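Note sheet for the following structure.
Values in this text are rule-based calculations from the coordinates and carry no lab data. None of these values were measured; they are calculated from a predicted model. Quick reminder, even Gly has a Cβ in these numbers, built from the backbone with ideal geometry, and neighbours come from all protein chains shown.
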Amino acid sequence: MTILNKMGPVATDEIFDLNREFFNDTYPEKASLGVGVFRTNEGKPWPLPVVREAEQRLFDEQSLSRHEYTAIEGDMAFVRLARDVLFNFHGKEDSDAQKAEKERIASVQTVAGTGANHLGAIFLAHNMKPSKVWLSDPSWANHDTIWDQAGVPRAKYPYYNPATRLFDFEGMMAVLENEGQEGDVILLHASAHNPTGLDPTKEQWKVIADLCERKRIFPFFDSAYQGFASGSLEEDSWAVRYFFNEKPHLEMCVAQSFSKNFGLYGQRVGAFHYVLSNSEKQLNRTVVDNLCHLIRGEFSMGPSGGCSIVKKVLTDENLTAQWHENMREMASRIQSMRRALYDELVRLGTPGTWEHIVQQNGMFSYTGLTSEQVQALKEKYHVYLLKSGRASISGLSTNNVAYVAKAFDDVVRNVN
Ligand code: LMR
């Protein structure tokens, strides 16, 4: 009889369960449209060429301190570069105005985007005690897990309208207007919403920012796809910068991941940024100290391997330019695969409308397939996607897109 008498069964993670199933599947034409990772047209991982170059330089340098402890807040040179990428400070002269802007941001290194989300959630749970956090319906399933573990009650705001397959802006606004309260947190996806691939327009972001300001709802951005979604760092962080620049009285925070845009998934590279209002920026050090207190009690400091690669790239103009090129390449392969899948479905005359596949943004498409159709895709065709119908477009290639489209066509016609 175990002493763990409080332990019950717990749901396992769908994304990583699916990954394992796919790995163990020996069917030659299997296709993984599950986990959000970039793949080449040959279905292979793609260590970015710029990352290989940076690794080589780091290896050649043989720095004596490369495996030393960093500070609890992480490698501060990396943290500052991460902040500059996110808020678009990078490469600019530090004017007095810009220095003042930077003073509003308290930043630390984290264990990638998940770690940044988690650190932010427990930091707010300790120091703000939000009455609830609003998550989009649907959202990345891990947001639920993270906020559940932080002990903050969760509520859902409408996001996706299955009838139109579009972003339900009116529904979102109506619920937040009626039920959002001062002291609530709202989780917002900075770009390339996971799982729907649907983002607010710039005009809609402005309305969301006004609502947060007026109702004193605290915005918590999850930025996992900056530069990966559109190929442009500026474009994919527009909403974060709008809130930051246009709402100087609003406090907010951002969980930043470098997993996708650097292809450094297993290296766990990320940062957390807490933005103070203009009038409270003298609290910056206290915020960092409190974050460090939480970090020290959990993992002491973020890992240094991946962040030294990012630092190497971001401190060299040529490497930075190469990185931008690599991001554009990833974004454009995904965009072309969206188009290829759409074209195939249209060619096959697959019942339904499929424009949403080309209209959605980023790594994923919310296909509209039912969980029964998803199950049939796996059983009959060895094509793996999440039961919500989310497909990771990067699992498509010129070699398998016809096969996958044919499989979609069959289940749409024959399975409800
Ligand atoms: C995904 O949503 O598939 C990725 O962000 C991987 C993950 O950590 O869930």
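A few notes on this one:
- The amide H of Val133, built 1.01 Å from its N in the peptide plane, has Arg154, Ala155, Val185 as neighbours under 5 Å, considering only residues 5 or more places off or on other chains.
- Applied to the stretch 241-257, the Karplus parametrisation 6.51 cos²θ - 1.76 cosθ + 1.60 on θ = phi - 60° returns per-residue 3J(HN,Hα) values of 5, 4, 4, 5, 7, 8, 10, x, 9, 8, 8, 7, 8, 9, 9, 10, 10 Hz, with x for Gly and Pro.
- In order along the stretch 4-16, phi translates into HN-Hα couplings of 7, 6, 9, 8, x, x, 9, 5, 8, 7, 4, 5, 7 Hz, rounded to whole numbers, per the Karplus curve 6.51 cos²θ - 1.76 cosθ + 1.60 with θ = phi - 60° and x for Gly and Pro.
- 3J(HN,Hα) along the stretch 30-40: 4, 9, 9, 10, x, 4, x, 9, 7, 10, 6 Hz, from the Karplus curve 6.51 cos²θ - 1.76 cosθ + 1.60 with θ = phi - 60°, whole Hz, x for Gly and Pro.
- A helix-only calculation puts the chain at -14000 deg cm²/dmol for mean residue ellipticity at 222 nm, using -39500 (n - 2.57) for each DSSP H run of at least four residues, averaged over all residues.
- Alpha carbon centroid spacing (whole Å) that separates the stretch 337-358 from the stretch 262-297: 42 Å
- Each peptide in 58-67, 96-105 receives the mean, over its residues, of other Cβ atoms within 10 Å, and ordering these scores from highest gives 96-105, 58-67.
- Ser95 paired with Met76, simple spin-label distance in nm, labels 7 Å along Cα-to-beta-carbon: 2.7 nm
- Fully extended contour minus Cα-Cα distance, from Glu246 to Asn5, at 0.36 nm per residue: 81.6 nm
- Cα pair distances in the chain, grouped into 10 Å bins until the bin that holds the longest one, percent each: 4, 21, 31, 26, 14, 3, 0
- Near the amide H of Ala71, within less than 5 Å, lie the amide hydrogens of Met76, all on another chain or at least 5 residues away, with H placed in the peptide plane.
- FRET efficiency, Thr40 to Glu325 (Cβ-Cβ, R0 22 Å, nearest 0.05): 0.90
- Using R0 = 25 Å, the C-beta based FRET efficiency linking Lys387 and Lys129 works out to 0.15.
- Lysines whose Cα lies under 25 Å from that of Lys215, excluding same-chain neighbours fewer than 8 positions away: Lys129, Lys132, Lys156, Lys202, Lys206, Lys247, Lys281
- Annotation: lysines with alpha-carbon distance below 20 angstrom to Lys380 (same-chain offsets under eight excluded): Lys30, Lys406.
- Sorted by Cβ density within 10 Å, fewest first, the residues Met7, Met128, Met172: Met7, Met128, Met172
- Ordering of 207-215, 234-242, 390-398 by burial proxy (mean other Cβ atoms within 10 Å per residue, highest first): 390-398, 234-242, 207-215
- Prolate/oblate/rounded call for the stretch 69-315, Cα gyration tensor, a/c under 1.5 rounded: rounded
- Between amide H atoms placed 1.01 Å from N, distances below 5 Å from Ser232 occur with Gly227, all of them 5 or more places distant or on a separate chain.
- Working note: Cα atoms of the stretch 263-379, range along each principal axis, descending, whole Å: 61, 38, 35.
- DSSP beta bridge pairing in the stretch 102-255, given as percent antiparallel to the nearest 5: 10 percent
- For the stretch 1-129: rounded, prolate or oblate by the Cα gyration tensor [a/c cutoff 1.5]: oblate
- Stretching Gln181 away from Phe299 to a fully extended chain increases their span by 39.1 nm, per 0.36 nm per residue minus the current alpha-carbon distance.
- In percent, rounded to a whole number, the relative contact order of the stretch 69-315 is 30, using alpha-carbon pairs under 8 Å and six or more apart.
- Were the residues from Asn290 through Thr398 laid out at 0.36 nm apart, the gain over their Cα-Cα distance would be 33.9 nm.
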